[in-house]
1. Accessible area per residue for the range 226-347 in Å², computed with a 1.4 Å probe and the full protein assembly in place, what is it?
2. Among the lysines, which have Cα under 16 Å from the Cα of Lys325 when same-chain residues fewer than 8 positions away are ignored?
3. May I ask you to list the lysines whose Cα is less than 28 Å away from that of Lys191, ignoring any residue fewer than eight positions away on the same chain?
4. Through the Karplus equation 6.51 cos²θ - 1.76 cosθ + 1.60, θ set to phi - 60°, convert the phi angles of the range 254-259 into ³J(HN,Hα) values in whole Hz; use x for Gly and Pro.
5. Quote the Stokes-Einstein diffusion coefficient, in whole µm² s⁻¹, for the range 62-179, based on the Kirkwood radius over alpha carbon pairs, a temperature of 4 °C and a viscosity of 1.567 mPa s.
6. Tell me, what ³J(HN,Hα) does each residue in the range 336-349 have, in order and in whole Hz, if you take phi through Karplus 6.51 cos²θ - 1.76 cosθ + 1.60 with θ = phi - 60° and put x for Gly and Pro?
7. Going 7 Å from the Cα of Tyr87 toward and past its Cβ, which residues in the range 321-337 have a backbone nitrogen under 16 Å from where you end up?
8. Are there any chymotrypsin sites (Phe, Trp or Tyr not before Pro) in the range 255-315 that are in a DSSP loop and have at most 14 other Cβ atoms within 10 Å? List them by number.
Amino acid sequence: MKVGPKDGAASRPPLGHDHRARADSDASHEGTPEYENRISTSDQLPRKVIVGTVMQPFWGMHPGLENRLRLLTDLVDRLQAQSQKQYGRGLDLTVLPEMAVTGEGAPVGNVMEWSYPLEGPVKETFARKALQHHCYIVVPLYLLEEKPTMSSSNAAVLFGRKGEIAGIYRKVQLVVDSQTDALEHGAIPGKEVPVFSCGFGKLGIQICYDMDFAYGWRELARKGAEIVAWLTQSPETTRPVPRAIEGSYYIISSTWRHNASIFEPTGKVVSQVRWQQSMGDPSGIGNRLLENYTLVQEFDLSYAIVPWSATLKNGELLTRTFGDKVGYRYYEDEDRGVFWSNDPQMTIRQMLRSLSLKEEREELEHARERYHEAGVPESRERENPIEAHEDESSQYGGQRRRTTLYNLTPPPPPVLLGPFGQSVCKTVVSEFSPIHDSEPALIRL
């Protein structure tokens, strides 16, 4: 973990000071913190976003590009219709599963044999569909790169609302074959982890095995991603939790089996669609669309995470005061919740301030100030800046603005973790130990 110098520490930025505005091209890999500071967007007016994702396998013989594109555009149409039915308006973002265009047949062979170029049917089809529904679409495929490279990448192409190519992410952490040492049947790894500025906010993309490596997720947090589309064959639900918390972004999983899920910055699953026994064996689905496999969810990118307090009453105080002008999901099992404004003229921070309520980040800052005064070990280091950056962004009228990041993530409570990171049990003190004994009891498994 990198921290700033103990002497001459810079003063803290105000709560609303947001490093998301930093230009991606100016970002440096040096000084990237182990855990990103939680960034508050509570001082921004509501930004409602509707995302659509899916759980759909693509094993088996490929039906041909034309038929596969027809299936995928049908899927996008279904998501769009679901959004209209649920929320009365269309999608802002559609996320398709890893390799949706390409699929995975048997035998796989060299990836060059089953890759597709962007130019031609793929680009034409999704450009029309994005323009038709006025939404962003993340389209994954093994991408045949332009000549003369003659190579292939496990890629995700982002189509914009007007049908334009808004960006491409190429998977960085390719799977290594345990027998041949090849990278995904001869694919080449990506070298960049970009963040794309969309009409609703900043979007990052990760693909399957990227989940197991911190690099890409930290880069996305450092560059200000607010939503991360995770396209995957692996339907993990444990690893995405700390990624969402540490990066302060929503994670949208789009998968082949078991579940597709939406994780919020608290780490909680907002909504999920799960594999049902009636759907049959995922490997035998072939080239037909499932039923009950799509997921559409609205959330607000201008939110506040608020901890428990006696006056909050699990959110009831805001409901009594603001009625349906406020929205929230409060979790009693976590003693915190995520809150947002439904009033286009008022921010959630203004609502909280009017009721003398603080965000979780504010309470953590205040606690560390008191710890430092009391001489608590490491409290000073936690206060110090770990990265500073000067940005001349047109978003702020061209004025030079200095952004300082802080490591404010609290240490985790003592827990016993399983092999996949799941909490098995919390640290306990044996009832047979003397009360002054600081050693925790051992638990036999």
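1. 41
2. Reachable lysines: Lys48.
3. Lys2, Lys123, Lys147, Lys162, Lys171, Lys202, Lys223
4. Along the range 254-259, the couplings run 10, 10, 9, 7, 6, 6 Hz.
5. D = 86 µm²/s.
6. Working through the residues one at a time gives 6, x, 10, 10, 8, 9, 9, 9, x, 10, 9, 7, 5, 5 Hz.
7. What the label zone holds, given the 16 Å backbone N cut-off, is 327-329.
8. Taking the range 255-315 and a limit of 14 other Cβ atoms within 10 Å, no loop chymotrypsin sites (Phe, Trp or Tyr not before Pro) are found.
The values are calculated or read from the model by the stated rules, or taken from the named source; none is laboratory data. Because the structure is a prediction, the values reported are computed rather than measured. Backbone-built Cβ (ideal geometry, glycine too); neighbour counts: all protein chains shown. Please note that ligands, DNA and RNA were not included when accessible areas were found on the heavy atoms of the full protein model with its side chains. Shrake-Rupley method; radii C 1.70, N 1.55, O 1.52, S 1.80 Å.
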